[in-house]
There are 2 protein chains.
Amino acid sequence: MNGPRFDDTFLERLHDLFRWRRDVRHFRSDPIAGDTIAELVKETALSPSVGYSQPWRFVRVDTPERRAAIAGSFERANAEALGGYHGDDAEKYASLKLAGLRDAPVHLAVFCDESTTTGKGLGRATMPEMLAYSAANAVYTFWLAARARGIGAGWVSILEPQLVTQTLDVPPDWKLIAYLCVGYPADEYDRPELERAGWETRDERATKLYER
Amino acid sequence: MNGPRFDDTFLERLHDLFRWRRDVRHFRSDPIAGDTIAELVKETALSPSVGYSQPWRFVRVDTPERRAAIAGSFERANAEALGGYHGDDAEKYASLKLAGLRDAPVHLAVFCDESTTTGKGLGRATMPEMLAYSAANAVYTFWLAARARGIGAGWVSILEPQLVTQTLDVPPDWKLIAYLCVGYPADEYDRPELERAGWETRDERATKLYER
């Protein structure tokens, strides 16, 4: 069986997709049409997973009370984190917009179902954390598929994971992987916001090919 | 600033890329030309990372002794895992080809540098595992970029992580995320090998949009 060939034009566009993906924190208020989100979640079926375990669970959060509880969790965790920085770092940290929880029309919590028996445990005896990596990569599939449709996502991790699990009334063995703010980006950039804000620069160790 | 728009043709091809990505275990012996692998690793610079921490480290493993030590680790971990299955599952497990360590022209170990200060810890106070998720996402960027060029990758996790770290003489706080077998696939399929082999089927919970 022969798979598809991808031409140079596609390779360039794929590079553009990676380059313009962005972690989005500033959203327009336009809603996301119809079943777009459900379609994007369906696309995650094509994500890689250890032993074909498919452990990701996508939960759309619409209830205002639940959204408010999660925003509260962010505020606490963010204030706590700010307390750990000093001087110039603290000033910069305080100036960053680290979540789009108020503006984003869609909130999605993504969990890893640690109790799943799908895949029969294959591939995770010595590396049990592979299950969570599979869920993290499903987030990335969603993210790329969304951006290709002009939709932005921001991955919020400044949250109390247990509070999110309880607030959303999901099984206790669903481990929080990501809380995604999703919507149309207010602006588009090809550089990470944390780079533009002077928080961090490219790390050359991340593009080096080490040899052994 | 306006980012690129992606047309329907690109969306279809992106879907094809997700659909045909595959975890490859059967490789042709053709080498990968010149600096293709280094170029693919450069592409991972565009991966998302928590607080812009960029914690992934790609290590090409060429030394025969090191490859042999890692193949030995796979053999042990695989035999141990087989011992955990019974009856039909054990028979099926034994018949699966779970690594392409012998055939793949390129071996790549991917680590998460748990000691990195890049990103200044932003976004991982309450979810420290975010750092490893960032490295897992970089593996996926590599995987997609490789497949778009006709190159296959197989993510081996049936290994003793500490032995890999020691064998490759990398810093002890580099946590093993993936050991990738890379090369041109012997065959191409649009269905996961574990599905074709009757090990597991699609899990509808992974494509459902839960609501709260």
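The values are calculated or read from the model by the stated rules, or taken from the named source; none is laboratory data. Quick caveat: nothing in here was measured; it's all calculated off a predicted structure. All Cβ positions, glycine included, derive from the backbone under ideal geometry; neighbour counts span all protein chains shown. Remember, those area values only see protein heavy atoms, side chains included, never the ligands or the DNA or RNA. Shrake-Rupley method; radii C 1.70, N 1.55, O 1.52, S 1.80 Å.
Structure summary
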item	result
Other protein chain Cβ atoms within 10 Å, averaged over every residue that makes up A:191-202	3
Only Lys, Arg (+1) and Asp, Glu (-1) charged, at Cβ; the stretch A:71-212 dipole about Cα centre in debye	460
Other-chain or far-sequence residues with amide H under 5 Å of A:F27's (modelled H)	A:A186
Chain B - percent of accessible surface contributed by carbon and sulfur, probe 1.4 Å	48
Under Karplus coefficients 6.51, -1.76 and 1.60, residue-wise ³J(HN,Hα) of the stretch A:127-142 in Hz, glycine/proline x	10, x, 5, 4, 5, 5, 4, 5, 5, 4, 6, 5, 4, 5, 4, 4
Neighbour cut-off at most 14 other Cβ (10 Å), DSSP loop, trypsin sites (Lys or Arg not before Pro), the stretch B:168-205	B:R202
Vicinal HN-Hα couplings computed from phi for the stretch A:59-75 (Karplus, 6.51 cos²θ - 1.76 cosθ + 1.60; Hz; Gly/Pro x)	10, 7, 10, 10, 4, x, 5, 5, 4, 5, 5, 6, 4, x, 5, 4, 4
Amide proton proximity set for A:A178, modelled H, under 5 Å, gap of 5+	A:V110
Probe 1.4 Å, accessible area per residue of the stretch A:19-153, Å²	36
Label-to-label distance, nm, for residues given as A:A79 and A:S115 (7 Å Cα→Cβ offset)	3.4
Dipole magnitude of the stretch A:106-188 about its Cα centre (Cβ charges: Lys, Arg +1; Asp, Glu -1), debye to nearest 20	280
DSSP bridge orientation in the protein assembly as shown - percent antiparallel, rounded to nearest 5	85
Spin-label model distance (nm) - B:D187 vs A:E195, 7 Å beyond Cα toward Cβ	4.2
Sequence ranges A:53-64, B:44-55, ranked by mean other-Cβ count within 10 angstrom, highest first	B:44-55, A:53-64
Chains B and A together, accessible area buried on both sides, 1.4 angstrom probe, square angstrom	9400
Length-normalised contact order of the stretch B:45-129 in % [C-alpha pairs under 8 Å, at least 6 apart]	58
Length-normalised contact order for the stretch A:146-212 - Cα pairs under 8 Å, 6+ apart - percent	31
Zero-based 20 Å bins, Cα pair distances in the protein assembly as shown, whole percents	27, 60, 13, 0
Unit charges on C-beta of K, R, D, E only; dipole of the protein assembly as shown, Debye	180
Estimated FRET transfer efficiency when R0 is 51 angstrom, pair B:D62-A:D173 (beta carbons, to 0.05)	0.80
Vicinal HN-Hα couplings computed from phi for the stretch A:166-182 (Karplus, 6.51 cos²θ - 1.76 cosθ + 1.60; Hz; Gly/Pro x)	5, 4, 8, 6, 9, x, x, 8, 8, 8, 5, 9, 8, 10, 9, 8, 10
